[in-house]
Each structure stands twice: as structure tokens, then as C-alpha cells.
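To keep things clear, I will list the structure first and then write my remarks on it.
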Amino acid sequence: MPLEMVTLSLLNLPDWPVLAGAVVVALAVDLGLGEPRARWHPVVWMGHYLTVVGAYMAPKVVSKTAEQVAEKVAIKASRPLSEFLRGCLGWSLGALLVLFFAALASGVVLQGDWLRQQPWLQMLFLGLLLKPMLAWRMLRDEVLAVEQALAESLDAGRQRVSWLVSRDVTVLDATQVREAALSTLAENLNDSVVAPLFWFAVAGLPGAALYRFANTADAMWGYPGERQGRNWAWAGKWTARVDDVLSWVPARLTAVLLGLPTLWRGMTRVMHNAGLTPSPNGGWPMGALAVGLGIRLGKTGVYQLNPQGRAPLPADTAMALRVCGQVVASLAAMAALGVIVAMVGGSIHGPFKWIGWGV
């Protein structure tokens, strides 16, 4: 029975009104309640898996001591193919587990006898399952917290932004701290909202969960070199490339949505700036935000987006949060409109009969 339910869930998408209603529920719960507790958070579970399995994927970084050099002690050399295959296997096993449990949960909601004829309940429960794949409220609050910390002191701002970025924050000035926070805001608007919703529309809950796993794995394994004492140059290569592929369309869609307030003026410059970052995707939302606000966003020695723009000010953080919030609101509005259209057209039955819609 569970396998049959998983198969049906993977092969059959929910009806589009149910998908749209679930998006409304997920975004509303995210805005109202924020993140579930860590012990109940599926993304935290993914992180635990990646931490445990990652210990077997990437080799430790070992430096020879002077004594070892003198005694010609052999240090095991890197084996790129072996490390790449281990990383690929570890990622694939995790992806299969995520797909299985996401499909099972979705199947219970969509295929169970007690919910099959209740689309409004399907929306509710599917939306609650989708919510942990989204994190707009947490992203908004963390970026706002960086600005508030900067108002206290530079050291406080540096400490707070270290929660968001992996770069060395001890050398950042106030402007660079703000640039790091706004770059994170733009990039994670895609990673934490637009991309999960895109894959939810394409492949239901399993699609959103798989994307979240891929993005989390990229954050933990997708490094071109050393991280936390391990060399991920080859072990994390598969993870990084998969995330690039899955984020390709959503990142460009995020840039388009960020361009709505200015009616896409400056999109040529956005496209130019998008190619200035090492990531094939991150430059799109970051470039769109920078061009839209007329500010520059950079990472010293790595990229400089919209270099002719001015340095971001505290007011720009508030404006950036407002613009990104409008993107989230527009997604919620489009989903709500889909539900209304379905109600008017009679596609949704049950509790909506009392207002004269449906049959």
C-alpha cells in the first residue's frame, strides 16, 4: 500500500486548484508562524543526513608537519574519481529518501479515502507539508536583524551577518556588511521561495522537497575547496552541478519578478551583471535587486554587480525587503486567484457550496 501510494503520488500531480490553494496556505503559515521547531523540521533532518554522510564523502585536509616531511611520511593523495563517485552516491541516496517520504506524505493527503473528495482539506494539509520548504519570514527577519545590529555597532553587524554568509566577516566595513546581507536576500529569495514553489508547480510536494534537499546539500557540500577540515573539490562537485541545474529557470524567474516594480527597465544591465558571478544563477536575482535599487552589490575579489551604483544605505535595506516582499505577495495573489477561478468555475466542491459556487 505505501509503495502504491508513493508511485501514484510521483506519477500524478494534484489538481491545479489544490496546488494553488496549498501555496496560499504555505505562504500564509510561513508569514504568520515562521519556522517549525528544529526537531520537526524536514530541512533540519536533511541537514543531519548530509552531516553524517558527508563525513564519509570528502577526505580530511591533512597538512604535513616538519617532522613528517623530514621523515618522508606518506599522506594519502586525493583520488578525484573515487571522491566524485562517493559524493554522487551519497547525494543520490539522500535524494531517494527525500522523494520517497515526500511522495508518501503527499499520497496520504491526495490518495487517502478520507481526503480524496475534500479538495479544501487537501489544500490545507498539502500546504502545511509544503511550508517547511519555504522560508521567507526567516530570511526577511535575518536581513532586518543585520541592519538593526549595524545600527548598534560594526562588530554587532559583522557578527550577525556571519549567520548568513560563509565569507570572512572580520574584514568587512559597514557598507560591505550591508552588501552581503542584501546579496543573501536576493539570492535566497530564489532558493527559499521562488524555486521551491516552481518545483512544487512542476512536480508537487516531491519536487519542492527534492529541490530543498539539493539546495541544502549545495550549501553544505558544494564547495570548490576546503570547508570545516574537509576537501570538497571533487566530493561536492555533483551536488553543486545539480543545484545549478535545478535553480537555472527559477533564478531567472526571480529576476523577472524583481523587475516588476520598474516594469523591467534595466533588464539588459541585469543580464550583463548576471554573468559576473561565479554561480550561473546567483547573479540574476542579485543583479536584478542591485539594478532595481540603483545600488552596487559586491564580494571583494569575486564580483561587483552594478558597479556604477551607489553604496547601499540603511534605507535601501528597507526598500529591498519591501520589493522582495512584493514578489512573495504577488506569488500568493496569483495562487489565490487560481483558487477563486476554480471556485467560480465549479472545480472545487464541498465547503464552498454554501456560497453558491460549485456543484
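Read the figures in this text as sums done on the coordinates, not as results from a lab. Note that this is a predicted model, so its numbers are computed, not measured. Cβ atoms come from the backbone with ideal geometry, glycine included; neighbour counts cover every protein chain shown.
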Arg241-Trp163 FRET efficiency (beta carbon distance; Förster radius 30 Å; 0.05 resolution) = 0.65
task = Using only alpha carbon pairs under 8 Å that are at least six residues apart, calculate the relative contact order of segment 151-273 and give it in whole percent.
result = 17
ask   = For helix 174-189, what angle does its Cα long axis make with the longest principal axis of the chain, in degrees from 0 to 90 and rounded to 10?
value = 40
ask   = GNM, the chain, Cα, under 10 Å: largest mean-square fluctuation among Val25, Val193, Val249?
value = Val249
task = Starting from the Cα of Leu260, move 7 Å in the Cα-to-Cβ direction to define the label point; list residues of segment 181-220 whose amide nitrogen is under 13 Å from there.
result = 194
Cα gyration tensor shape of segment 150-284, rounded if a/c is under 1.5, else prolate or oblate by comparing a/b with b/c = oblate
ask   = Taking amide hydrogens as modeled 1.01 Å from N in the peptide plane, which residues meet the under 5 Å criterion relative to Arg227, leaving out close sequence neighbours?
value = Trp232
ask   = Which residue fluctuates the most in the chain, going by a Gaussian network model with Cα springs under 10 Å, if the choices are Ala174, Ala135, Ala255?
value = Ala174
remark   = Inter-part gap, Cα centre of segment 12-62 to Cα centre of segment 146-221, in whole angstrom, is 15
query = Top mean-square fluctuation among Gly222, Gly266, Gly282, Gaussian network model of the chain, C-alpha springs under 10 Å?
reply = Gly266
key: Potential extension, Thr170-Ala201 segment - 0.36 nm per residue separation minus Cα distance   = 7.0 nm
query = What is the calculated FRET efficiency for Val44 to Ile340, with r their C-beta to C-beta distance and R₀ = 35 Å, to the nearest 0.05?
reply = 0.50
request  = Note the listed values (1) 26.4; (2) 18.5; (3) 21.8, then indicate which one is mean projected area of the Cα convex hull in nm² calculated from this particular structure.
outcome  = (3)
request  = Using packing as a proxy for protection, rank 51-61, 36-46, 182-192 so that the peptide with the highest average count of other Cβ atoms within 10 Å comes first.
outcome  = 182-192, 51-61, 36-46
inquiry  = Could you tell me the center-to-center distance, by alpha carbons, between segment 102-135 and segment 267-284 in angstrom?
reply    = 37
message = If amide hydrogens are placed 1.01 Å from N in the peptide plane, which non-local residues have theirs closer than 5 Å to the one on Gly298?
response = Leu305
query = What is the packing order of peptides 305-314, 163-172, taking the mean over residues of other C-beta atoms within 10 Å and listing the highest first?
reply = 305-314, 163-172
query = Which listed residue (Ala233, Ala251, Thr277) has the Cα farthest towards the positive end of the charge dipole for the chain, taking +1 on Lys and Arg C-beta and -1 on Asp and Glu C-beta about the Cα centre?
reply = Ala233
